[in-house]
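This structure is in structure tokens; I'll ask about it shortly.
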Amino acid sequence: MPRQDRLWNLAKYHIIALLLMPILLVGVFLFTTRGLVAEETAVTTGANQTEVDDLTQQIDDQRKKIDAIADKINEYKSSISKFQKQSNTLKNQVYIIDNQIAKTELDIEAKNEEVTVTELEISKVELEIVDNQKAIEEQKKYLSAFIRLLDYYDDKDYLSILLNNNSFSEFFDQINNIEGIEEDLQKTLNRFQELIDRYNAQKDELNAKRDKLSELLNKLESEKDSLQAQIGTKQYLIAETNNSENKYQGLVSDLKQQQLAANNAVAEMERRLRQELEKKGPDEAFNNLAEAALIWPTSSHRITAHFHDADYPFKATVGEHSGLDIGVGKGTPVMAAESGYVAKAAIGTKWYGNYVMIIHSNNLATLYAHLNSLNVKTDQYISKGQVIGLSGSTGFSSGPHLHFEVRSGGIPVNPLNYLP
């Protein structure tokens, strides 16, 4: 073949190659992106989806159990409320306590189920996070592929693209392909951002579930403490009355008198000390006291009986529960909730047992009852956080705990309104 013909054939091959290159690249890319879309669908479904679905079913089953327990708890609440309104007899009081014990046992069962649900939810979110992380990595690959192809086209101007095509029709087809690539890139970027947002939301959800689990475990311990207190109350009641109605009525009368005497004594002691401090003048009376900002009196924040607790077993006999019962073992350090002066450090009273009362600024006072031992004395100045005694079960108490009161103007108020 003449040299001129060989050169012409070689030139034709180069021209054909140049013409086919963009078309082949676009074809390969379109084929690849179709595969990527299929892969993306698979990733979105998640490798752990079967396990996630199984956990979802388990969670639903557990919630049905919790709902069934809640119905039983409401039945006991209605029964307790009904008998609290009836005549105050030993039989009714024992019945109320028995129902409260049964209700608390169900509360414990419900809390255990809630713990199980929360643990399952944590496992579910952890699996979803793993799947989402895989999807994020896949999206990074898609983005890299799009960017590489766009980089290739960025090096070409419209003139070179036109020269590499045989017709205007092919030229416009290729321009449309480039625009399609840009649209697909934007979709992939949007998808990538959605996955990142979902990942952040899942991490927040996981942290919230773990916090909830910790809170549930604390509440579970509180319910167990409440159960022991209720059992102790029943044992105390039976031991003191020997199943005698007359002895029970005598006990109720004594309890009412003890509570009234304790309230009057506390109010009088607070009034007396405030008057003595005021005689010293405004510069000396409360110059050591900042505006009252209470802290918890124990390291434990586990409440076994609330202020005006509906489940207080002696609500119908001696009235509302005047403070918080905090679940602590015998000998736990008890701290002053705020700086102040000790209005009373009492030993061996019938109602509060060993107790300390401290007055603060803002007309507030705090009371710490059923202590095993005291570390302070009357009229002593106390700093916030100072240990004033050790917890116990002295006085009218069914087991070790701290009875903590906050009084405003001498009247018991809800401590939770003042605690952090």
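The values are calculated or read from the model by the stated rules, or taken from the named source; none is laboratory data. Please read these numbers as outputs of a predicted model, since none were measured by experiment. As a convention, Cβ positions derive from the backbone with ideal geometry for all residues, glycine included, and neighbour counts pool all protein chains shown.
Residue check: is K103 buried (at least 19 other Cβ atoms within 10 Å of the Cβ) and under 21 Å from L213 (Cβ atoms)?
no
Mind checking which residues of the stretch 30-83 are among the polar types (S, T, N, Q), at pLDDT below 85 and in a helix (DSSP H, G or I)?
T32, T33, T41, T44, T45
Shifting gears a bit: For the stretch 192-209, state whether one or more residues are surrounded by 16 or more Cβ atoms within 10 Å (Cβ to Cβ), without any contact (Cβ under 8 Å) to a residue 60 or more places away in the chain and assigned to a helix (DSSP H, G or I).
Checking the stretch 192-209: at least one residue is surrounded by 16 or more Cβ atoms within 10 Å (Cβ to Cβ), without any contact (Cβ under 8 Å) to a residue 60 or more places away in the chain and assigned to a helix (DSSP H, G or I).
OK, next. Could you tell me which of the residues E223, E276 is in a helix (DSSP H, G or I), more than 26 Å from K350 (Cβ to Cβ) and at pLDDT below 80?
None of the other options fit; the residue is E276.
So for the stretch 318-330 (the condition being in a strand (DSSP E or B), surrounded by fewer than 17 Cβ atoms within 10 Å (Cβ to Cβ) and free of Cβ contacts under 8 Å to residues at least 60 places away in the same chain), does at least one residue qualify?
no
Let me ask something else. Against the condition in contact (Cβ under 8 Å) with a residue 24 or more places away in the chain, crowded, with 24+ Cβ neighbours inside 10 Å and out of contact with any Pro (no Cβ under 9 Å at 6 or more places or on another chain), how does A345 come out, does it pass?
No; evaluated as a whole, the condition is false for this residue.
Going by the structure shown, is A239 under 22 Å from Y352 (Cβ atoms), at pLDDT below 85 and not basic (K, R)?
Judged against the criteria, A239 is not a match.
Condition first: among the β-branched types (V, I, T) and closer than 22 Å to L260 by Cα. Now tell me which residues in the stretch 385-420 satisfy that.
Of everything in the stretch 385-420, those that are among the β-branched types (V, I, T) and closer than 22 Å to L260 by Cα turn out to be T394, V406, I411, V413.
From (1) out of contact with any His (no Cβ under 8 Å at 6 or more places or on another chain); (2) surrounded by 16 or more Cβ atoms within 10 Å (Cβ to Cβ); (3) at pLDDT below 90, pick out the condition that doesn't hold for A229.
Among (1) out of contact with any His (no Cβ under 8 Å at 6 or more places or on another chain); (2) surrounded by 16 or more Cβ atoms within 10 Å (Cβ to Cβ); (3) at pLDDT below 90, A229 violates only (1).
In addition: Of the residues I411, I382, I359, I388, which is in the same structural domain as G340 (by TED's automatic domain parsing) and within 21 Å of D309 (Cβ to Cβ)?
Unique residue meeting the criteria: I411.
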